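**Q** Below is a structure I'd like to ask you about.
The values are calculated or read from the model by the stated rules, or taken from the named source; none is laboratory data. The model shown is predicted, which means the values in this text are computed figures rather than measured ones. No Cβ is skipped: glycine too gets one built from the backbone with ideal geometry, and neighbour counts run over all protein chains shown. Each accessible area value is taken on the protein alone, full model and side chains, heavy atoms only, with ligands, DNA and RNA left out. Shrake-Rupley method; radii C 1.70, N 1.55, O 1.52, S 1.80 Å.
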Amino acid sequence: MSKIKEPLRSILRDYCHVEVYDSNILRMDIGHGESYPYDSDLVKAQLREAIDLNLISLTEYEELTDEDFDSIEDLHEWLEELYSELL
């Protein structure tokens, strides 16, 4: 069972896929309030928790996004960058 909570899991799959990632679209879709279409505070909190508790494995992230990382450290660096883009 995945440790990645919804809606974060869906966001990673739908917005962070290697072929479609666009930080502007992601920010716009989580930035319009509580549920348009995503609660931005919830998404940010879930991502912060996932980073801090190492809840996203390299394998699971790669399966969701088709992105290929050389190490878990590279993934964590990317997740931190993603988090900063959402602030």
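**Q** Roughly how many Å² is the accessible area per residue of region 15-86, as a whole number, for a 1.4 Å probe?
**A** Accessible surface, normalised per residue, equals 58 Å².
**Q** Mind giving me the nanometre distance, one decimal, between the label points for SER84 and GLU62, set 7 Å out from Cα along Cα→Cβ?
**A** Once both label points are built, they end up 2.5 nm from each other.
**Q** SER57 accessible area, nearest 10 Å², 1.4 Å probe?
**A** The accessible area comes out at roughly 50 Å².
**Q** Something else now. Quick check: at a probe of 1.4 Å, how many percent of the accessible area of the chain sits on carbon and sulfur atoms?
**A** 48 percent
**Q** Report TYR38's accessible area, 1.4 Å probe, all protein chains in place, as a number in Å² to the nearest 10.
**A** Answer for TYR38: close to 40 Å² accessible.
**Q** What nm distance separates the two modelled labels at SER10 and GLU77, each placed 7 Å from Cα along Cα→Cβ?
**A** 3.2 nm
**Q** State the answer as a single residue: which of ILE72, HIS17, MET1 lies farthest towards the positive end of the charge dipole of the chain, with beta carbon charges of +1 for Lys and Arg and -1 for Asp and Glu, about the Cα centre.
**A** Result: MET1.
**Q** Using a simple spin-label model with points 7 Å from Cα along the Cα→Cβ vector, what separation in nm is obtained for ASN24 and ILE51?
**A** A separation of 2.3 nm, rounded to one decimal place.
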